[in-house]
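**Q** Mind having a look at this structure? Questions to follow.
The values are calculated or read from the model by the stated rules, or taken from the named source; none is laboratory data. What you see is a predicted model, and the numbers here were worked out from it, not measured in a lab. Cβ coordinates were reconstructed from backbone atoms using ideal geometry, including for glycine residues, and neighbour counts include every protein chain displayed. Just so you know, the surface numbers come from the protein's heavy atoms only, side chains and all, with ligands and any DNA or RNA stripped out. Shrake-Rupley method; radii C 1.70, N 1.55, O 1.52, S 1.80 Å.
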Amino acid sequence: CDTIHPNHTINFIFNSLAGHHPSSIMGKKEKKSKGKPEGVALNATSKFSVLDFPGLTQPKPDVSSPSPTSGGTTTAGGTGGAQGRRATSSSGPLINSEGQNLIGTGCFEGRTKNPSWIADRANFYDVLKQRRDAEFSSKIPAAIEVILPDGKKVEGCEGWVTTPYEVARKISQGLADSSIVARVKYSDFLPDYDAVEDGMAGVDIMAEEMEDGGVETKESTKLGPYLWDMNRVLVGSVSKLEFLKFDDTDAKTVFWHSSAHMLGEALEHSFGSKLTIGPPLSGGFYYDCYMGEGNFNLKEEDYKVVEAEVSKITKQKQKFERLVLTKEEGLELFASNPFKLSIFNTKVGDGERTTVYRCGDLIDLCRGPHVQHTGKVKAFACSRHSATCWLGETSNDSLQRMYGISFPDKKMLKVWKENQEKAKERDHRRIANAQQLVMFHELSPGSAFWLPHGTRIYQKLMNYIRDHYWKRGYDEIITPNIYNLDLWHQSGHALHYKDAMFCFPVENQEFALKPMNCPGHCLMFANSIRSYRDLPMRFADFGVLHRNELSGALTGLTRVRRFQQDDAHIYCREDQIESEVLGSLEFMKEVYTHFGMTYKLELSTRPKKALGEIDMWNKAEKALANAMNEFAGVGNWKVNPEDGAFYGPKIDIKVMDAMERIHQCATIQLDFQLPIRFNLQYSTGSKVKGEEFTRPVMVHRAMLGSVERMFAVLCEHYGGKWPLWLSPRQFMIVPIHADYNGYCEKVRKVLHDAKFYVDVDLSKEKFNKKVRSAQIMQYNFQLVIGEAETTNETVNIRTRDNKIEGEVKLSDLVAKFAALRD
C-alpha cells in the first residue's frame, strides 16, 4: 500500500549503514583488517548514519563510478545516471545540483583555529545590522491585544516593542526563564508590517532536512500559528500566545536547532570548517561541513575539542539575534563559503529577503526561531560522526557530519547516555546475530536472508494476522510481483515514485517490480460488476514488495529493499466508513495489546492541496472522528489539522515500546482518488437515472506495516526474549547423562508433534554449561532429565531466567504449555 511506508525511520539509536563480509550472518564479526582497529567504526553515509558496529549492518554498497548513461533505468553494462549518482546517498537538500560537482575546492586550507574570515563576516554583519536598524526606526509602535490560552488579556502591550519574553515575565519570571520559544497566532498584523520585508515570505531552507530527520514541519496560515523567538517583537494583535517548555515537541526542535548553531560555531572556531547545513532531528541535531579533500576529516578525538568549545560558548550566554537581509547582501556576507552561496542562489529568489541568525561570531542562514541565548543549553555532547556528500550526490564534494545531543539539564544528558547503552544492548542487529535469525549478503543488498529460526518468527507474525483475517472477514489474495509501468501511470505513482521503483524492459515495454499492492487490488475490484450487497470487500495481501531504497540508507531490517506487509484494502460504501474504521481500530488494539505495547491516536485532516470534493472530505472526517470517539472516547485522541494525505484523511497510530520509543507501524487511511483513477464503481440498486452506479471508498490499512520492520521493533521491544507464542526456540531438553538420551528423544517427539520448537542438547558439555548455553540462546524453558525424571516419566522445568519450576508429568506437559502458547 502506497500509504503505508515500511521504512520510516524508527528512532533506533544505532542505525549503521556500512558493510560486512559476504557470508556473514547479521552481526557476525569480520576478520580484523590491517590498519583498522577492531571495535566501533564510523562509516560514510549521507543521512542518519550512526554508530556502526563491525558486521552488524547491510552489505557495504558498491561505490564504483556511475555509468555515463542518462536516464533513471538500469541498462546493460552499468547503472543508469541518477541511479548511479545516488549509489550511497540519501536524498539531499532540494537544491539544483546541475554543475555543482566540486565547488568547495580551495576554500578550506587545512585545520585552522579562528580563521580570519570569521571576523570579516562578523564585521560585514554589523554593517547590515545598521541598515536594518535604520529601517526599524521608521516603524510606529501601536497598542496591540495579546490573549493567553486561558482567554486572559495581557495589558500594556505594544507592537514593534513588546516581546513574548516580556509578556511571560508579567506572569512570572520563572515562566519567562523556562520557556524555550513562543507559539503565536495573530488576529491581525500592524499596518506597517510586511512579511516580505521581514523575510517571512520565502521557503524554510531547513524544512526538507528536518522532515528527513523525523521532525514534523507544518505550514502556517497567513496569521499563524508561528513559532516565535522569545526576544522578537510582536508585529500585531495576538489571538493566542503560548509559552513552550522543553517537554513540548516544537520546543525540543527549536532547542536542538539552536544547539546545531552552537555546534557549527565550535566547528568554525576549532577547525575553520566551512559549514553547509545543520538541522534539528527528532532526537538531536547535526551539522555538515566541508573540510577539504585531504586528511582533515573529523575523528573521535575531536569530540572533546568540540565539546570544550561549546562549553565556552554556553558560558558566554551569547544572544541569538535575528537579521533580515537581501539576496545580494547574503551573497556578499557568505562570499567565502561556496556552499552557502549555492543555497542562496537556488533557494532565495532575486529581489527576495531572507533571514540569518547570529550567536557570538557565527552568522548562519536560518529561518529560526531560536532560544534566547546559548546559556540555555546546559548539557551538550557529540554523539557520532560520519561522511556524506554535498546535496546527497556522490560526485559532489565530500562533507563531514557531526551529530550532537543537548539538554537544558545535565541530569537529562546522563539519562540519555544510559538509554543509549540500553538501546545498544537491544539493537535488533545484535540480537539477530546472536540468535542466528537473519543474514545479509552483498549480492542482494537490502534483502534479508531469513535463517530457519528467524523464519519461524516471520511466519508466526503473518499467521497471527491470518488468524485475525479469518475472524474478521478478510479474503486473502495473491497478486503479481511484476506489472507493466502503464499501471503505475494510471495510479499516479510513476510520476512521483518512479525513482524508488525497480524498472526494466520486457519486449520493448517498461515493467517494474511492485512497490505497493493497492493498484493491483483495484484491478481485481474492477474485474467484475460489483453490487452494494457485495460491500464491504476486504482484500488482504502478503505479497512481496520491492522499493529501490538508496544503498547508503539501508539499515538492518528497518530500511530494506525487499519486504512484505500485512497489507489490506477495504472497498466500502460511504455509510460503511465508520464501522470499517472502527473494526480496524479494534483489530489494531488486539494486536498491540498482545504485543504488550501502548498506542496513541491522531486524526490527520484535509490538507490545503487535497483532491476531491470538500463535502466528501467533511463526511469522511466526521466518520473517522465518530469511530475514534466510540473506540477511544471523546478527548482521548488528537487532531493534526491539514496533515492528511492529498487523497484522503487518515488515522496515525503511534505505538510505544518497552523503552517508550515511538513507532508508527499501523495505519488506517481513506482514499478517494484511486477509485477515480481506476473508474471503480458498484451498482447501487437504484433505478434513478444517473444513480445506478457510484464509487466505493477505499480504505488502506495495515496492522504490522512491514513485517521486516515490525520484526525489528519487536526484537528490541522484547530485548530478544521472545514470548513463548512467538519464540523460535521454545524448549531445550538437557540430559544429565547420556544414559537418559533415549527418554529425551521421547520427550522431544511429544513436544514436536504438538508443534512446539524443541531441541535436545546431546553434546559432551557439562550440565551447567548446557543450561547456560540454552539460556543465552533464549530458549524459553529448559527441560532437565535425569534418573528420577526417566523413571517417573516427568521433566524438570527451568526458565531462561534460571527459575526452577519443578517436575511435571510428561502426560500433562503439552496441555500446560499449549495453554501458555495459544
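**Q** Label point 7 Å out from Ser282 along Cα-to-Cβ: which residues of the stretch 419-433 have amide N under 15 Å?
**A** In the stretch 419-433, the label zone of Ser282 (backbone N under 15 Å from the point 7 Å along Cα→Cβ) covers no residue.
**Q** Okay, moving on. How large is the Rg to Rh ratio of the stretch 118-162 when both quantities use alpha carbon positions and Rh follows Kirkwood?
**A** On the way: Rg = 16.9 Å, Rh = 13.2 Å.
Rg/Rh for the stretch 118-162 comes to 1.27.
**Q** Here's something else I'd like to know. Mind ranking 620-627, 167-174 by how tightly packed they are, going by the mean number of other C-beta atoms within 10 angstrom, highest first?
**A** Details: 620-627: 20.1, 167-174: 14.8.
Packing order, densest peptide first, comes out as 620-627, 167-174.
**Q** In Å², what does the accessible area per residue of the chain work out to with a 1.4 Å probe? Display every interim value, and only then the final one.
**A** Details: 36070 Å² over 822 residues.
Averaged over the residues of the chain, the accessible area is 44 Å².
**Q** Rounded to the nearest 500, what is the chain's calculated 222 nm mean residue ellipticity when only DSSP H runs of at least 4 contribute -39500 (n - 2.57) each, over all residues?
**A** Details: 23 runs with 262 residues, N = 822.
One gets -9500 deg cm²/dmol as the mean residue ellipticity at 222 nm.
**Q** Moving on. Explain nothing, just the number: dipole magnitude of the chain about its Cα centre with +1 on each Lys and Arg Cβ and -1 on each Asp and Glu Cβ, in debye rounded to the nearest 20.
**A** Values: 105 positive and 106 negative charges, 439 e Å.
Dipole of the chain, to the nearest 20 debye: 2100 debye.
**Q** Which length gain, in nm to one decimal place, applies between Ala434 and Ala195 when the Cα-Cα distance is subtracted from 0.36 nm times their residue separation?
**A** So the extension gain works out to 80.3 nm.
**Q** Please name whichever of Leu601, Trp637, Phe678 sits farthest to the positive end of the charge dipole of the stretch 590-686, dipole taken about the Cα centre and charges placed at Cβ: Lys and Arg +1, Asp and Glu -1.
**A** After comparing all options, I get Phe678.
**Q** Across 10 Å bins from the origin, how do the percents of Cα pairs in the stretch 609-689 run, short distances first?
**A** Here the calculated profile for the stretch 609-689 is 14, 38, 31, 14, 3, 1.
**Q** Now for a different question. Using R₀ = 22 Å, calculate the FRET efficiency as 1/(1 + (r/R₀)^6) where r is the Cβ-Cβ separation of Lys315 and Asp361; round to 0.05. It would help to have the intermediate numbers written out before the result.
**A** Working: r = 16 Å, r/R0 = 0.70.
Between Lys315 and Asp361 the formula returns 0.90.
**Q** Here is a follow-up. Run through the DSSP bridge list for the chain and note the antiparallel percent, rounded to the nearest 5. Could you put the intermediate results ahead of the total?
**A** Values: 104 of 121 bridges.
That works out to approximately 85 percent antiparallel.
**Q** Amide H to amide H under 5 Å from Ile785: which residues, 5+ apart in sequence or cross-chain, H placed 1.01 Å off N in plane?
**A** For Ile785, the qualifying residues are Val734, Ile736.
**Q** If you don't mind, another one. Where in the stretch 745-781 does the label zone of Val814 land, with the point 7 angstrom along Cα→C-beta and an amide N cut-off under 17 Å?
**A** Within reach of a label on Val814: 745-759.
**Q** For a Förster distance of 30 Å, can you work out the FRET efficiency between the beta-carbons of Asp486 and Lys609, rounded to the nearest 0.05? Present the calculation step by step, with values, prior to reporting the outcome.
**A** Numbers: r = 26 Å, r/R0 = 0.86.
After rounding to 0.05, the efficiency reads 0.70.
**Q** Can you find, among Ser270, Val233, Phe296, the residue farthest towards the positive end of the dipole of the stretch 212-323? Put +1 on the C-beta of Lys and Arg, -1 on that of Asp and Glu.
**A** Val233
**Q** At what distance in nm do the modelled label points of Asp822 and Asp150 sit from each other, each positioned 7 Å from its Cα along Cα→Cβ?
**A** So the two model labels end up 5.9 nm from each other.
**Q** Hey, with R₀ at 30 Å, roughly what FRET efficiency would Asp753 and Tyr469 work out to, going by the Cβ-Cβ distance, to 0.05?
**A** Numbers: r = 27 Å, r/R0 = 0.90.
Using R0 = 30 Å, I get an efficiency of 0.65.
**Q** Which net charge results for the neighbourhood of Lys809, defined as the other residues with beta-carbon distances under 11 angstrom from its beta-carbon, given Lys and Arg at +1 and Asp and Glu at -1?
**A** On the way: positive: Lys816; negative: Glu789, Glu793, Glu807, Asp812.
Once all neighbours under 11 Å are counted, the net charge is -3.
**Q** Give the distance, in whole Å, between the Cα centre of the stretch 369-399 and the Cα centre of the stretch 556-572.
**A** Answer, in whole Å: 33.
**Q** Count the net charge of all other residues whose Cβ sits under 14 Å from the Cβ of Lys417, scoring Lys and Arg as +1 and Asp and Glu as -1. Numbers along the way, then the final one.
**A** Numbers: positive: Arg384, Lys410, Lys411, Lys414, Lys422, Lys424; negative: Glu307, Asp409, Glu418, Glu421, Glu425.
Charge balance in the 14 Å sphere: +1.
**Q** Only loop residues by DSSP count here, and only those with at most 16 other Cβ atoms within 10 Å; note down the trypsin sites (Lys or Arg not before Pro) in the stretch 725-822 that meet that. Show your work: numbers first, answer last.
**A** Details: sites: Arg729, Lys746, Arg748, Lys749, Lys755, Lys764, Lys766, Lys769, Lys770, Arg772, Arg798, Arg800, Lys803, Lys809, Lys816, Arg821; in loops: Arg729, Lys755, Lys764, Lys766, Arg800, Lys803.
When the trypsin sites (Lys or Arg not before Pro) of the stretch 725-822 are filtered for loop state and at most 16 Cβ neighbours within 10 Å, Lys755, Lys764, Lys766, Lys803 remain.
**Q** Give me a comma-separated list of calculated 3J(HN,Hα) values for the stretch 370-379, in order, Karplus coefficients 6.51, -1.76, 1.60 applied at θ = phi - 60°, integers in Hz, x for any Gly or Pro.
**A** Once θ is set to phi - 60°, the couplings for the stretch 370-379 become 9, 5, 5, 7, 5, x, 5, 8, 7, 9 Hz.
**Q** Sort out for me the Cα centre separation of the stretch 654-713 from the stretch 454-491, rounded to whole Å.
**A** Each part's Cα centre sits 14 Å from the other's.
**Q** Starting from 0.36 nm per residue, how many nanometres of slack lie between Val688 and Glu590 once their C-alpha separation is accounted for? Walk me through the intermediate numbers first.
**A** On the way: separation 98, 0.36 × 98 = 35.28 nm, distance 4.30 nm.
That works out to 31.0 nm of additional length.
**Q** Volume per residue, Å³, of the convex hull around the alpha-carbon atoms of the stretch 650-758?
**A** Working: hull volume 18.3 nm³, N = 109.
Cα convex hull per residue, to the nearest whole number: 168 Å³.
**Q** Does the stretch 385-445 come out rounded, prolate or oblate by the C-alpha gyration tensor, with a ≥ b ≥ c the root eigenvalues, rounded set by a/c under 1.5 and, if not, prolate when a/b is larger than b/c and oblate if not? Present the calculation step by step, with values, prior to reporting the outcome.
**A** Numbers: a/c = 5.02, a/b = 1.06, b/c = 4.71.
Oblate.
**Q** Please give the contour-minus-distance gain from Ile529 to Phe136: 0.36 nm per residue of separation, less the Cα-Cα distance, rounded to one decimal in nm. Numbers along the way, then the final one.
**A** On the way: separation 393, 0.36 × 393 = 141.48 nm, distance 6.87 nm.
Answer, rounded to one decimal: 134.6 nm.
**Q** Of the listed peptides 551-558, 191-198, what is their order by residue-averaged count of other C-beta atoms within 10 Å, with the highest listed first?
**A** Values: 551-558: 26.4, 191-198: 13.0.
Result, highest mean first: 551-558, 191-198.
**Q** To the nearest µm²/s, what D does Stokes-Einstein give for the stretch 335-490 at 25 °C and 0.890 mPa s, using the Kirkwood radius over alpha carbon pairs as Rh? Each step should come with its number before you reach the end.
**A** Details: Rh = 22.5 Å.
The Stokes-Einstein estimate is 109 µm²/s.
**Q** If we sort 146-157, 175-186 on the protection proxy, mean other Cβ atoms within 10 Å, highest first, what's the order?
**A** On the way: 146-157: 13.2, 175-186: 21.2.
Ranking, from highest mean packing down: 175-186, 146-157.
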